[in-house]
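Student: Below is the structure I would like to discuss, written out as structure tokens.
The values are calculated or read from the model by the stated rules, or taken from the named source; none is laboratory data. Predicted model only: the values in this text are computed from it and were never measured. Don't worry about glycine lacking a Cβ; one is built from the backbone with ideal geometry, like all the others, and counts go over all protein chains shown.
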Ligand code: GCU
């Protein structure tokens with residue numbers, strides 16, 4: 001159940017008199033989110049307080065009763081005689097929660113909003129909060145989607161999950177949709193509780209068979225189990241599907257037959273799934289086909305799908321992760337994969353249909369431990385955009401290392417692009433506010449699997465929880481989101497709260513310290529597993545995640561005056577900051593500049609000594625995690641205590657492997673001794 005445990009509160013008995021005894025639900029259709037909301041409230045109160053709450057359904061007059069929770073949309077409430085004066089105007093998916101009056105009101109702007117309000121009420125109760133509050137809550141952005149990189153097969157009889165570390169797919173097996181979708185329904189419940197409104201269920205490296213009749217029938221079944229939770233279903237498309245399925249001999253997006261083919265398939269999907277969310281498209285990236293295959297623009301490619309979806313209100317999430325992995329050559333000083341997105345989208349702003357959203361990874365390369373914000377966000381002003389965050393910890397320890405990601409995400413969401421020298425925070429751009437766009441938002445690559453913990457690790461679930469909370473309100477503080485999650489997932493014991501909070505909040509800087517400093521990227525094996533240290537693998541390959549480390553110097557020169565020019569892709573005030581070494585923050589120095597190992601940082605330390613020190617500091621902090629966790633013995637259940645301890649003990653050991661592998665590699669390369677005399681001793 002993740003954070004939806006609704007464990008019995010120690011103070012349950014004393015709170016009984018303050019609790020409602022009845023839930024009045026204003027929609028009796030079992031598949032409606034309002035109906036779900038009513039059942040959740042009654043079940044949650046039963047579980048948290050051991051108090052039975054009756055549930056009634058009505059769309060008529062509401063009898064006044066001060067021990068009742070009213071659950072419905074604003075419209076349902078008003079039309080059954082409820083007074084809505086004083087309730088602020090809500091936005092789509094928003095809700096009004098009032099615990100201060102004679103009745104508890106959970107009223108959504110729409111059905112989904114009502115369910116979000118119910119989960120919010122339960123979250124407060126489960127944390128022991130029975131304050132008399134009344135407030136409206138609205139999401140910051142309309143797109144709050146999860147991406148799953150699930151394959152139809154590939155894991156024996158199961159569907160495998162690309163970059164998934166929580167077991168095989170909960171959606172697919174044996175090349176088709178699973179017959180038992182219980183887990184899919186549980187997943188939708190979990191996601192609804194954090195405001196997620198759609199899931200793209202298959203891998204961005206998509207398979208054309210998604211569009212065959214048996215799979216589309218299966219997708220309908222997934223959509224049916226999602227619907228009571230207000231979660232819509234979307235799919236990733238293989239751009240060359242018409243040809244790959246043998247139905248046409250071309251997939252040229254401007255070809256009449258291709259256009260008709262996509263309209264037809266889209267109609268077939270909506271016949272089965274009337275509330276289908278839309279398509280996610282990875283095109284002309286890492287060997288995938290796309291419009292460029294026919295010399296068409298990315299906009300022409302995206303618009304092909306957009307127009308097929310328009311009659312139904314569907315959305316195309318078109319990924320900005322476009323680059324040619326076969327064509328990058330490190331012997332050219334100016335070659336730079338980081339430049340690709342802005343170059344490929346150059347001149348296309350304004351050419352996309354209104355229901356296209358460009359889905360942009362947070363950094364210009366690929367989910368590294370630290371990257372500057374993708375400059376593409378500043379270039380899409382007449383086009384909606386969404387930020388793609390990775391919840392699954394691909395380059396960040398694959399759930400075997402504790403890394404709480406929201407502090408990393410916040411460096412990007414709160415980054416000010418200074419477009420036209422005006423405040424232009426990334427979170428204001430993707431919410432649509434900065435450039436007046438109606439669409440935009442958040443896509444989180446979650447990749448849960450059949451493992452009982454969903455992500456393969458108990459503590460990794462804070463990242464999924466926080467993703468939803470931030471997509472709803474990116475102004476929230478990562479530590480306070482974390483504490484809600486801890487109280488809901490474990491309990492409110494102060495030692496539990498303090499220990500998990502401090503370890504989690506230290507975890508990203510700790511991981512950065514022992515895996516990749518000063519913006520050099522995660523120095524992992526990039527050729528296959530993306531796991532464990534392998535600094536040598538970064539260079540001399542066409543993938544373009546280079547460090548350009550040699551005997552004397554290290555880093556990518558991305559300046560305009562002497563390098564790849566990437567710094568110049570930012571608006572002038574930001575570009576000038578990165579162009580100069582003296583104004584580039586230390587933590588991105590090697591991202592933007594190629595410098596001698598003996599270069600002094602703003603901190604006063606040299607680059608190489610910083611490497612040595614940071615690796616020792618990071619590994620030393622990871623060594624403290626198991627003993628800090630050990631203080632929780634008997635304060636949480638044994639099973640989770642032991643399972644987390646196992647992972648933290650592994651991490652403590654693996655952090656030493658990382659420390660020594662990287663320090664030795666750069667010591668051997670540079671021959672610069674460690675001032676503290678630690679490194680050459682290995
Ligand atoms: C990364 C990841 C791939 C994925 C790709 C993408 O490169 O390693 O597995 O397919 O990103 O986001 O498309």
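Student: Is there a residue in the range 303-320 that is under 30 Å from residue 564 (Cβ atoms), more than 16 Å from the ligand (Cβ to nearest atom) and touching a residue at least 24 places away in the same chain (Cβ under 8 Å)?
Tutor: no
Student: Among strands (runs of 3 or more DSSP E) lying entirely in the range 68-162, which contain 1 or more residues that are within 16 Å of the ligand (Cβ to nearest atom)?
Tutor: It comes to 143-147, 150-155, 158-161.
Student: Scan the range 143-164 for residues that are in contact with a strand residue (DSSP E or B) (Cβ under 7 Å, 6 or more places away or on another chain), surrounded by fewer than 21 Cβ atoms within 10 Å (Cβ to Cβ) and at pLDDT 95 or above and jot them down.
Tutor: Residues satisfying the conditions are 160, 162.
Student: I want to confirm something. Restricting to the range 260-288 and keeping residues that are within 23 Å of residue 320 (Cα to Cα) and surrounded by fewer than 16 Cβ atoms within 10 Å (Cβ to Cβ), which single residue is nearest to the ligand (Cβ to nearest atom)?
Tutor: Top of the filtered list is 286.
Student: Working only within the range 375-399, note down all residues that are closer than 19 Å to residue 566 by Cβ and part of a loop (DSSP other than H, G, I, E, B).
Tutor: Once the filter is applied, which keeps residues that are closer than 19 Å to residue 566 by Cβ and part of a loop (DSSP other than H, G, I, E, B), the range 375-399 yields 375, 380.
Student: Report yes if residue 198 is farther than 30 Å from residue 484 by Cβ and in the same structural domain as residue 473 (by TED's automatic domain parsing), otherwise no.
Tutor: no
Student: Another question, if that's okay. Determine whether the range 460-480 contains at least one residue that is within 16 Å of the ligand (Cβ to nearest atom) and surrounded by fewer than 24 Cβ atoms within 10 Å (Cβ to Cβ).
Tutor: The answer is no; no qualifying residue exists.
Student: Right, something else. Of all residues in the range 583-594, which are touching a residue at least 40 places away in the same chain (Cβ under 8 Å) and buried (at least 16 other Cβ atoms within 10 Å of the Cβ)?
Tutor: Result: 587, 588, 589, 590, 591, 592, 594.
Student: Cβ-Cβ under 6 Å, sequence separation 6+ or interchain: first residue in the range 390-412 and outside the structural domain of residue 459 (by TED's automatic domain parsing) and touching a residue at least 12 places away in the same chain (Cβ under 8 Å), partner within 15 Å of the ligand (Cβ to nearest atom) and assigned to a loop (DSSP other than H, G, I, E, B). Which pairs?
Tutor: As it stands, the answer is none, since no pair meets every condition given.
Student: Related question: Please specify each residue of the range 634-678 satisfying the condition of being without any contact (Cβ under 8 Å) to a residue 12 or more places away in the chain and farther than 26 Å from residue 488 by Cβ.
Tutor: Scanning the range 634-678 gives 653, 668, 673, 677.
Student: Given the residues 230, 167, which is the only one that is on the phi > 0 side of the Ramachandran plot, surrounded by 23 or more Cβ atoms within 10 Å (Cβ to Cβ) and modelled with pLDDT of 95 or more?
Tutor: Going through 230, 167 in turn, just one is on the phi > 0 side of the Ramachandran plot, surrounded by 23 or more Cβ atoms within 10 Å (Cβ to Cβ) and modelled with pLDDT of 95 or more: 230.
Student: Read through the list (1) over 29 Å from residue 653 (Cβ atoms); (2) without any contact (Cβ under 8 Å) to a residue 12 or more places away in the chain, then give the number of the only condition that residue 564 fails.
Tutor: (2)
Student: Which members of the range 166-210 meet the condition of being free of Cβ contacts under 8 Å to residues at least 60 places away in the same chain, part of a loop (DSSP other than H, G, I, E, B) and within 30 Å of residue 122 (Cα to Cα)?
Tutor: Scanning the range 166-210 gives 171, 180, 181, 201.
Student: Right, another one. Counting only residues that are assigned to a loop (DSSP other than H, G, I, E, B) and touching a helix residue (DSSP H, G or I) at 6+ places or on another chain (Cβ under 9 Å), which one in the range 326-344 is farthest from the ligand (Cβ to nearest atom)?
Tutor: 336
Student: Take the residues in the range 345-363 that are within 13 Å of the ligand (Cβ to nearest atom) and part of a loop (DSSP other than H, G, I, E, B); name whichever of them is farthest from residue 546 (Cα to Cα).
Tutor: Selected residue: 362.
Student: Quick check on my filter: what residues within the range 247-262 are free of Cβ contacts under 8 Å to residues at least 24 places away in the same chain and not in a loop (DSSP other than H, G, I, E, B)?
Tutor: Once the filter is applied, which keeps residues that are free of Cβ contacts under 8 Å to residues at least 24 places away in the same chain and not in a loop (DSSP other than H, G, I, E, B), the range 247-262 yields 256, 257, 260, 261.
Student: If you don't mind, there's one more thing I want to ask. Quick one: residue 597 ticks every box in (1) in contact with a strand residue (DSSP E or B) (Cβ under 8 Å, 6 or more places away or on another chain); (2) free of Cβ contacts under 8 Å to residues at least 24 places away in the same chain bar one, so which box is it?
Tutor: It fails just one condition, (2).
Student: Looking at 407, 372, can you tell me which residue is part of a loop (DSSP other than H, G, I, E, B) and either under 29 Å from residue 314 (Cβ atoms) or at pLDDT 95 or above (or both)?
Tutor: 372
Student: Can you go through 650, 641 and tell me which one is touching a strand residue (DSSP E or B) at 6+ places or on another chain (Cβ under 7 Å) and at pLDDT 95 or above?
Tutor: The match here is 641.
Student: Still on this structure, I have one more. Which is surrounded by fewer than 15 Cβ atoms within 10 Å (Cβ to Cβ) and outside any loop (DSSP other than H, G, I, E, B), of 603, 655, 627?
Tutor: It is 627.
Student: State whether the residues of the range 233-244 include one that is surrounded by fewer than 17 Cβ atoms within 10 Å (Cβ to Cβ) and away from the ligand (no atom under 16 Å from the Cβ).
Tutor: yes
Student: Let me ask something additional. Considering only the range 281-291, I want to know if a residue exists there that is out of contact with any helix residue (DSSP H, G or I) (no Cβ under 9 Å at 6 or more places or on another chain) and outside any loop (DSSP other than H, G, I, E, B).
Tutor: No, there is no match, as no residue in the range 281-291 is out of contact with any helix residue (DSSP H, G or I) (no Cβ under 9 Å at 6 or more places or on another chain) and outside any loop (DSSP other than H, G, I, E, B).
Student: Consider residue 543 against the criteria (1) modelled with pLDDT of 95 or more; (2) in a loop (DSSP other than H, G, I, E, B): it satisfies all of them except one. Which criterion is unmet?
Tutor: For residue 543, the exception is condition (1).
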